[in-house]
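Enquirer: So that we are looking at the same thing, I have put the structure below in structure tokens.
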Amino acid sequence: MQCISHISSLRKKKVSMGRIFYIIGKSASGKNYIYESLLAEKDLKLVQIILYTTRPMRSGEQNGRAYYFTDELKLAHLRLSGKLIEERVYDTVYGPWYYFTADEGQFRLNSQDYLGIGTLKSYEKIKEYFGEDKVCPLYIETEDSIRLKRAIQREEKQPEPKYAEMCRRYLADCEDFSEKKIQAAGIKYRFLNNGKLSQCLKEIKAYIWLQIAW
């Protein structure tokens, strides 16, 4: 494998063609930490795709950072305007929570590489909208026992822990990310996050460098 510095020089010489790197994984798989770490990697120059959601803001979250916190009226407006790329809804114990991606003029794939995060279904919609050659999936895989421990630890830190919703999401992921659906989505590579998160992140960075260089 070529060293990072050489790959970086190749990137400057290549014909500009942007890609969307899309992180996918079950809840508590570490995908949010990986997402934030990749955005902080200045040499990668990945532009953040900010999702919209109608769910309540969690402790420590900021509007416009990982999500735009909005309502169903905004979602309806995007549907009618033809700017909605994909949407998904979760029937939680607190009512329906929507997550969605919209194209309001922020995508410039002729000159920028982007980083997004979502589900298998949202990945397929993104791929359908932009074209398969423009979207690179980054599937994070973590053992279920490890995910459950992480999910509990994360929820314990919330001012008002929502354990019922955490359990619902954990069980729903088993169906949403079944092996059959993963294969149907065309996922070819998996990045294991069962041990040190730093190792998983290192492998993902190397993969992204190769993609943007070639």
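The values are calculated or read from the model by the stated rules, or taken from the named source; none is laboratory data. All of these numbers come straight from a predicted model, not from anything done at the bench. Positions of Cβ are backbone-derived with ideal geometry, glycine not excepted, and every protein chain shown enters the neighbour counts. All accessible areas refer to the heavy atoms of the entire protein, side chains included, with ligands and DNA or RNA removed. Shrake-Rupley method; radii C 1.70, N 1.55, O 1.52, S 1.80 Å.
Enquirer: Could you tell me whether Arg19 is of a type in the set (Lys, Arg), within 17 Å of Asp103 (Cα to Cα) and within 17 Å of the chain's Cα centre (by Cα)? Walk me through it before giving the result.
Expert: Working: of a type in the set (Lys, Arg): yes; within 17 Å of Asp103 (Cα to Cα): yes; within 17 Å of the chain's Cα centre (by Cα): yes.
It is true that Arg19 is of a type in the set (Lys, Arg), within 17 Å of Asp103 (Cα to Cα) and within 17 Å of the chain's Cα centre (by Cα).
Enquirer: What number of residues within the range 130-158 are of a type in the set (Val, Ile, Thr) and touching a Gly at 6+ places or on another chain (Cβ under 7 Å)? Show your work before the answer.
Expert: Going residue by residue through the range 130-158, those that are of a type in the set (Val, Ile, Thr) are 135, 140, 142, 146, 152.
From what's left, touching a Gly at 6+ places or on another chain (Cβ under 7 Å): 140, 142.
Residues flagged as of a type in the set (Val, Ile, Thr) and touching a Gly at 6+ places or on another chain (Cβ under 7 Å) within the range 130-158 amount to 2.
Enquirer: Additional query: Report the residue count in the range 131-152 for those that are under 30 Å from Ile208 (Cα atoms), in a helix (DSSP H, G or I) and of a type outside the set (D, E, K, R). If you could, list the steps in order and put the result at the bottom.
Expert: Pass one, the range 131-152, residues under 30 Å from Ile208 (Cα atoms): 131-151.
Then drop every residue that is not in a helix (DSSP H, G or I), which leaves 132-134, 144-151.
Going one step further and asking which of them are of a type outside the set (D, E, K, R), we end up with 145-146, 148, 151.
Total satisfying the criteria: 4.
Enquirer: For Lys127, which of the numbered conditions (1) open to solvent by 70 Å² or more (accessible area, probe 1.4 Å); (2) under 23 Å from Ser178 (Cβ atoms); (3) of a type in the set (Lys, Arg) fails to hold?
Expert: (1)
Enquirer: Residues of the range 58-117 being assigned to a strand (DSSP E or B), free of Cβ contacts under 8 Å to residues at least 12 places away in the same chain and open to solvent by 30 Å² or more (accessible area, probe 1.4 Å), which ones?
Expert: Residues of the range 58-117 that are assigned to a strand (DSSP E or B), as a first pass: 63, 67-69, 84-93, 95-102, 113-117.
So of that shortlist, the ones also free of Cβ contacts under 8 Å to residues at least 12 places away in the same chain come out as 63, 89, 91, 95.
Residues satisfying the conditions are Asn63, Val89, Asp91.
Enquirer: Turning to a different aspect of this structure: Among the listed residues Gly195, Gly186, identify the single one that is at positive phi and either modelled with pLDDT under 95 or loosely packed, with under 13 Cβ neighbours inside 10 Å (or both).
Expert: Gly186
Enquirer: Let me ask something additional. Quick one: which of Arg147, Arg169 is open to solvent by less than 60 Å² (accessible area, probe 1.4 Å), among the basic types (Lys, Arg) and farther than 17 Å from Lys121 by Cα?
Expert: Details: Arg169 fails: farther than 17 Å from Lys121 by Cα.
It is Arg147.
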